[in-house]
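Data first, discussion second: the structure below is written as structure tokens.
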Amino acid sequence: MSSHRAYFANQARWSGWEMAFWLAWVVAFFIPQSNLALLSQILIWGLFAVSLDLLLGYRGLPSFGQAAFFGIGAYTAGYLSKFGWTEPITGLLVSGAVAGVVGLMAGRVVRGLHGVALLMVTLGLNSLLYDFVQRSTELTGGDDGLPGVSIAPVLGIFKFDMVGRTGYLYTLAACFLIFVLLRALVRSPFGLALLGARDNPRRMQMLGAPIDRDLTLVMGLSAAVAGMAGALLTQTTQFVAPEVLSFQRSADVLVILVIGGAGFLYGGFVGALAFIFLRDLFAALNPIYWYFWIGLMLVLTVTFFRRGLLPALAGLWARRRKPAVDRPAQEVAP
Amino acid sequence: MTAATVLQTVGLTKAFGGLSIFKGVDFSLHAGERHAIIGPNGAGKSTFVHLVSGLLKPTSGSVQLMGQDVTRATPQQRVRAGLGRTFQINTLFPSLSPLQAIALALCERDRLTAPSLRALARRVELLDEAAALLARFGLAADGEGPTGLLPYGKQRVLEMALALSLKPKVLLLDEPAAGLTTAQGHALFEQLTELAGDTSVLFIEHDMALVFGYAQRVTVLGGGALLAQGTPDEIRADPVVRKAYLGH
């Protein structure tokens, strides 16, 4: 009997849905009417939301300060370019590393906090950083943005163009590669240990699990991914301003993840698609009150699909394929 | 007795804000024995298990595990030194399946949980071991659904299976049969006797039939102090215990 092997193998296998999902982004590039700049934005928001998913979906820790890491990555990429390091790929990696190191330190600070206390501390750290960057106009250019950001062509060949063709493919490739690594990570024993600590830290302690170490590491990883998302934004728009660190961004990414569904990695991208498309649509309808509609969408999603759009869609699909064959009721142990 | 001592407390004391609820308890658990702790509510039984497992730190006194002083050790270090425990209230992973839970326990035992890109699915020997363990506890058919949806009785069995999956040398069971019917309680203890091997077991239990049926020695706690210790027969005959606890 090795049905248990198949059970675990199924959890690791790439499904047709996943392949279709990534293929769709490639197809979108070749559709002439595609708004590539908007799609790049969606990918970046999606990757940013995936970084939060590691923390919230897998480890069960909410954060109101994820934009701090996004911003650190964005500014690192900006400063690297300003001081002459304009090669994008290494710039992206260095930005992720810088944000990751800050994340590891933050992980030690927030150790032992959860719930509202954690929300307040992450919010506080985020606000400190935002104010510092916005007020240090001589260092950062303040709200006008960091002057002198320009990024060299990718691999020395593909220049970042106005239409955003290079920017889109570069962002897509980076998001896909980072995603593949994260996908493997959450399917490793480390990923299972995160879920275990999310469900029951006390039981994990009594299994001898190093839950403090795991918390610090996942904060670092999450921050590194957020930082790379921020760096992608700086590199593809060749611009960085304090807005990347704003509390609004921290709140938006939480909204995106909750709408899409936490704990699946794909929820971040699905949420970003819904959020950014609708934001554009609502903003076109009414440029002042568009957040009203976003708020309504959030309320409706959470009310009717408590775990987000993605699990709701998956559940709907499963029911259509396999009409209501419930597992037989199990009898209580003797 | 000449049997080796696997767990020993000396003058173990715990005070919460000046209120001492646990006063100078000297206790020892012998290798391979099944030992029950009984006592009325508030006697400090669960506190004792928390102190031994490291979830609480004693105010004074010491805890020795396998001859090592672990008084200041973290719960994790004690687990590594051979301690396992269950909780009075199910302390499981509701959204994970029992297979995942046992696999996780084995991964922690083998220290495989550092970040890596190697899928759990590829560690087939470990997965085989997890499935075999579940099967021995009679949970083979329940391995793949979420633990939170299992019937309560099976969750209770899983609680014990998780603790035993680490092959502890000392196992602490905090009211393992809590919430079970009498028949389920007996079945659980039968399973324990069959599967615990040479693990020394210390269990808290209220059901006297289970205590006198499965324990080789019994310790009676009352008001945070050790009232009596002995074989089931000695305890049954002890006038102090009869008066303070058994009520006849």
*Conditions: (1) closer than 18 Å to A:G112 by Cβ; (2) part of a helix (DSSP H, G or I); (3) touching a helix residue (DSSP H, G or I) at 6+ places or on another chain (Cβ under 7 Å); (4) modelled with pLDDT under 95. A:A209 meets all but one. Number of the miss?*
(2)
*Out of segment A:1-44, which residues are away from chain B (no Cβ under 12 Å), more than 24 Å from A:W317 (Cα to Cα) and polar (S, T, N, Q)?*
A:Q33, A:S34, A:N35, A:S40, A:Q41
*Restricting segment B:153-207 to residues that are in a strand (DSSP E or B) and β-branched (V, I, T), which is nearest to A:R203 (Cα to Cα)?*
B:V170
*Restricted to segment B:132-152, and to residues that are in contact with a Phe, Trp or Tyr (Cβ under 9 Å, 6 or more places away or on another chain) and in a helix (DSSP H, G or I), which residue is surrounded by the most Cβ atoms within 10 Å (Cβ to Cβ)?*
B:T147
*asked:* Could you list, ordered by first residue, the pairs with Cβ atoms under 9 Å in which the first is in segment B:114-126 and within 7 Å of chain A (Cβ to nearest Cβ) and in contact (Cβ under 8 Å) with a residue 12 or more places away in the chain and the second is among the aliphatic types (A, V, I, L, M) and assigned to a loop (DSSP other than H, G, I, E, B), at least 6 apart or interchain?
replied: B:L120/B:L112
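Residue-wise test of (1) in contact (Cβ under 8 Å) with a residue 24 or more places away in the chain; (2) surrounded by 15 or more Cβ atoms within 10 Å (Cβ to Cβ); (3) farther than 13 Å from A:Q235 by Cβ.
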position	(1), (2), (3)
A:Y130	yes, yes, yes
A:S136	no, no, yes
A:T140	yes, yes, yes
A:G145	yes, yes, yes
A:A152	yes, yes, no
A:G164	yes, yes, no
A:Y170	yes, yes, no
A:V180	no, no, yes
_Checking the structure you have, find out if any residue of segment B:193-206 is aliphatic (A, V, I, L, M) and modelled with pLDDT under 90._
yes
*With respect to A:M204, determine if the residue is farther than 30 Å from A:A77 by Cα and more than 7 Å from chain B (Cβ to nearest Cβ).*
yes
_Can you pull out every residue in segment B:93-107 that is in contact with a Gly (Cβ under 8 Å, 6 or more places away or on another chain) and either surrounded by 23 or more Cβ atoms within 10 Å (Cβ to Cβ) or more than 7 Å from chain A (Cβ to nearest Cβ) (or both)?_
B:F93, B:S97, B:P98, B:L99, B:A101, B:L104
*Does at least one position in segment A:83-91 carry a residue that is more than 20 Å from the chain's Cα centre (by Cα) and acidic (D, E)?*
yes
*Only listed residue being among the small types (G, A, S), closer than 30 Å to A:G220 by Cα and assigned by TED's automatic domain parsing to the domain that holds B:V201, chosen from B:A105, B:A73*: B:A73
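Tell me yes or no: at least one residue of segment A:111-120 is surrounded by 19 or more Cβ atoms within 10 Å (Cβ to Cβ), of a type in the set (K, R) and assigned to a loop (DSSP other than H, G, I, E, B).
Looking only at segment A:111-120, we keep the residues that are surrounded by 19 or more Cβ atoms within 10 Å (Cβ to Cβ), and these are none.
Checked against the condition, which is being surrounded by 19 or more Cβ atoms within 10 Å (Cβ to Cβ), of a type in the set (K, R) and assigned to a loop (DSSP other than H, G, I, E, B), segment A:111-120 yields no hits at all.
The values are calculated or read from the model by the stated rules, or taken from the named source; none is laboratory data. All values reported here derive from a predicted model rather than from experimental measurement. Using ideal geometry, Cβ is built from the backbone for each residue, glycine included, and neighbour counts are taken over all protein chains shown.
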